[in-house]
Amino acid sequence: MAFSLSTAQSSALGDAALKRSNWSGLIEAYRPYLPVTQSTPVVTLLEGNTPLIPVPRIAEIIGKGVRVLVKYDGLNPTGSFKDRGMTMAISKAKEAGAKAVICASTGNTSAAAAAYARRGGMNAFVLIPDGYVALGKLAQALLYGAKVITIKGNFDVCLEIVQEMAANYPVTLVNSVNPYRLEGQKTAAFELVDNLGDAPDWLCIPVGNAGNISAYWMGFCQYHQQGKCARLPRMMGFQAEGASPLITGKIVTHPETVATAIRIGNPASWEKAIAVQQASQGQFNSVTDSEILDAYRLLASEEGIFCEPASAASVAGLLKVKDQVPAGATVVCVLTGNGLKDPDTAIKHSTSQYYQGIEANTTAVAEVMGLNN
Ligand code: F0G
């Protein structure tokens, strides 16, 4: 069959393709909203502009004509939303003449810090909890050329150490206590409004150190002030049950969860996050590891979307409080990281049929396929 398009069709396609190919990173896209000047050296890997994907099977579970979409930030250059904050933090560090940066991390921040620091010609030192960082994230930090230091202690301990190091040595701290990080991360809220034409009714988001929820709210409020959106979302934050200080109101000294990215007991942006919850009439809730893993498998096997366990906490949370979702609402769940970051968890918790070591002939293969009757 001949392949032909009308002039209007081909020019619309051309526009869409051009928009994607002309994307020059989130600092250029949202420059008027960011604390940069013409003399800021922009260190970018063309992060941002990530897809907002409808998830109809999950919407069906909720019913009531609710529309559910996921913001798939796992498609950023290093595979997580951290790239949004890191392009800003590293550009500003370079502008200030820094030679080295340091961060504590459950994995994703370290991968992003390493990539952007090296891209900007700086050294990166990353402190991570020994034995609790997903394989892909560790591989990234090492290959990007960071100095990786594993600590006999959890993320909260690592964060205390790097704050002290940055106060006493010539290294710039690039954890989300660095305000430029949240400035970059708020652009995800801008993209949501630019895509949807308004803010969603609900934003469901995993919460660890609580920087991202604070950044999203900042973005929605700025766009609202500029008249870019008519409403503000309810911010629904979800923590893993074994690491849920925002729900219990108490520091968790020994946080534990399969979602190692959010294995945090004393979030740095604790107060900010509480203020966001109050201002947005939102809620914090916890989800168990088994609810997280159910949502993780559901996203992959029913929607074709592979995110990391911490990211699935947003969908697990939405399903947990689904009775509260207003009929006809638009809900966005933030998927913060790519599933490829953590292959061990995927393989360990897959419930798919997996036949190993089968004889190399069609009879044996047909048999495991159930075709031999
Ligand atoms: N999802 C993923 C995949 C994360 O890596 C993190 C945080 C969060 C959610 C929570 O975001 O901390 O802003 O509330 N990861 C940090 C890190 C702590 O070191 O990579 P938050």
Quiz item: Would segment 120-130 turn up any residue that is within 12 Å of the ligand (Cβ to nearest atom), touching a Cys at 6+ places or on another chain (Cβ under 8 Å) and not aliphatic (A, V, I, L, M)?
Solution: yes
Quiz prompt | Enumeration of residues in segment 215-226 that are over 13 Å from the mean Cα position of the chain (by Cα) and either crowded, with 24+ Cβ neighbours inside 10 Å or over 10 Å from VAL276 (Cα atoms) (or both) | solution = TRP217, GLY219, PHE220, CYS221, GLN222, TYR223, HIS224, GLN225, GLN226
Quiz item: Has segment 186-207 got at least one residue that is in a helix (DSSP H, G or I), within 14 Å of the ligand (Cβ to nearest atom), open to solvent by 10 Å² or more (accessible area, probe 1.4 Å) and outside the structural domain of ALA89 (by the TED database)?
Solution: no
Exercise. Select from segment 142-175 the residues that are touching a Lys or Arg at 6+ places or on another chain (Cβ under 9 Å), surrounded by 15 or more Cβ atoms within 10 Å (Cβ to Cβ) and of a type outside the set (Phe, Trp, Tyr) and list them in ascending order.
Key: ALA146, ASN154, VAL171, THR172, VAL174, ASN175
Self-check item: Conditions (1) surrounded by fewer than 21 Cβ atoms within 10 Å (Cβ to Cβ); (2) closer than 24 Å to THR50 by Cα; (3) within 22 Å of the chain's Cα centre (by Cα); number of the one not met by GLY131
Solution: (2)
Practice problem: Report, by residue number, each residue of segment 250-268 that is of a type in the set (D, E, K, R) and more than 17 Å from the chain's Cα centre (by Cα). | Solution: LYS250, GLU256
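For (1) over 20 Å from LEU182 (Cα atoms); (2) open to solvent by less than 20 Å² (accessible area, probe 1.4 Å), each residue gets a yes or a no:
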residue: LEU52; (1), (2): yes, no
residue: ILE58; (1), (2): yes, yes
residue: ILE62; (1), (2): yes, yes
residue: ARG67; (1), (2): yes, no
residue: THR87; (1), (2): no, yes
residue: ALA93; (1), (2): no, yes
residue: SER105; (1), (2): no, yes
residue: SER110; (1), (2): no, yes
residue: ARG118; (1), (2): yes, no
Self-check item: Check on ASP294, surrounded by fewer than 19 Cβ atoms within 10 Å (Cβ to Cβ), in contact with a helix residue (DSSP H, G or I) (Cβ under 9 Å, 6 or more places away or on another chain) and in contact (Cβ under 8 Å) with a residue 60 or more places away in the chain
Solution: no
Exercise. Scan (1) over 16 Å from ARG181 (Cβ atoms); (2) in contact with a strand residue (DSSP E or B) (Cβ under 8 Å, 6 or more places away or on another chain) for the single condition GLN38 breaks and write down its number.
Key: (2)
Quiz item: How many residues, within segment 94-144, are part of a loop (DSSP other than H, G, I, E, B) and aromatic (Phe, Trp, Tyr)?
Solution: 1
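The values are calculated or read from the model by the stated rules, or taken from the named source; none is laboratory data. These figures come from a predicted structure and were not determined experimentally. Please note: Cβ atoms are built from the backbone with ideal geometry, for glycine as well, and neighbour counts cover all protein chains shown. What goes into the accessible areas is simple: the full protein's heavy atoms, side chains included, and nothing from ligands, DNA or RNA. Shrake-Rupley method; radii C 1.70, N 1.55, O 1.52, S 1.80 Å.
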